[in-house]
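Shown next, in structure tokens, is the structure this report addresses.
Each reported figure results from applying straightforward, stated rules to the coordinates on display, with no laboratory input. Predicted model, so just to flag it, every value in this text is computed and none were measured. In this analysis, Cβ positions are derived from the backbone assuming ideal geometry, glycine residues included, and neighbour counts consider all displayed protein chains.
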């Protein structure tokens, strides 16, 4: 199918608004406007994707999902992701050692790598540490902390970034592409990458969801299509075991309120201060299929998560403590939101039995995640 498109520019109140006009085959209106400047003067844009009932706003800084407006069962729309009102908020948070990575693209490697090191092709690589003794989400200067190049595409925006050989300690010049599209309540994130040297890669998105709009997420009901999870040690690094969820607080094979068992006297919950673990999806990856469903009984909002990845990290906002003030100055307290990060397993480069995260020259990394919204 060919979609013809063009770009025209209109001056509105002294600002320039780039409006992508598409044929009637395209279902989503895509616009862009300035979102501010980085401390070094680099301009940052924000793209708005609107299909009528749903709206997503994506910034070129970090590829951040700045806002995501979703209607409730009565048709009332609300922003269901945490974040900040302006670019300065994100820059300050992402450059803070305790950053929460609100809404950002995570790379080169999502989740933790033990002791910030791994061996590839017989060579040891050392990464900057930013999570105790570990490297987390690509280190202190990961993909969340760069300005991506952007162009509008049918129903969305495509972001590209060249991560140079040695950046954050990782080998190879990695050409990464992330495409966000929004159609009829499906927010689709498509990740692609190529490299000129053997490397490791694990991209994901770190949006924090709260379907009630405010308060905590303990009454949200979660279902995970996973009979096993990866237990962690005291540093939140997988032990290597793939443990059954049977008869544990980690059994979400049936929809269960997040708060129902979060206070259980369980060693794994103590280590994560709640849920901060990777679940082994039943499909084992490779084919786009349903991984999770999140439902808020109060608003009626439903989100199905579809992915072709082998794992999903469920994080219940355990390290939010009210010290971060986000949109409208709101303090983000404990369990103010949750994350469902589709991924390969944490610390995979150091676990030969885990699905590989290696990418070689001539290969193409490609993965898709869909956040599908509806009401009940």
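Structure values in brief
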read-out	value
Where labels lie 7 Å past Cα in the beta-carbon direction, separation of residue 325 and residue 50 in nm	3.0
Cα-based radius of gyration of region 148-276 once divided by 2.2 N^0.38 Å, which approximates compact folds	1.37
Calculated FRET value between residue 117 and residue 74, using beta carbons and R₀ = 51 Å, to 0.05	0.50
Taking only Cα atoms of region 221-375, radius of gyration then Dmax in Å	16.2, 49
Mean separation of Cα contacts under 8 Å (6+ apart) over length of region 118-209, as relative contact order %	19
Estimated FRET transfer efficiency when R0 is 35 angstrom, pair residue 197-residue 257 (beta carbons, to 0.05)	0.15
Surface/4 of the Cα convex hull for region 70-208, nm²	9.6
Computed Rg/Rh of region 214-300, alpha carbon atoms with Kirkwood Rh	0.97
Linear extension gain, residue 282 paired with residue 318, 0.36 nm per residue minus alpha-carbon span	10.4 nm
Extended-chain gain in nm, criterion 0.36 nm per residue less alpha-carbon gap, residue 88 and residue 376	100.0 nm
Relative contact order of region 5-205, defined on C-alpha pairs under 8 angstrom at six or more residues apart (%)	17
Computed P(r) (all Cα pairs; region 216-265; 10 Å bins; percent)	24, 48, 27, 0
Length released on extending from residue 241 to residue 271, taking residue separation times 0.36 nm less the Cα-Cα span	9.2 nm
Euclidean distance of C-alpha centroids, region 180-233 and region 57-134, integer Å	11
Packing rank of 332-339, 119-126, where each peptide gets the mean count of other beta carbons within 10 Å, highest leading	332-339, 119-126
Compactness of region 23-134, expressed as Rg and Dmax over alpha-carbon positions, Å	18.2, 58
Projected-area average for the chain over all orientations - Cα convex hull basis, square nanometres	18.5
Alpha carbon convex hull of region 93-155, volume per residue in cubic angstrom	117
Computed helical MRE - 222 nm, the chain, DSSP H runs ≥ 4 contributing -39500 (n - 2.57), nearest 500	-1000 deg cm²/dmol
Estimated distance in nm for a label pair at residue 364 and residue 175, the labels positioned 7 Å out from Cα along Cα-to-Cβ	1.1
Relative contact order (%) - the chain, alpha-carbon pairs under 8 angstrom, separation at least six	16
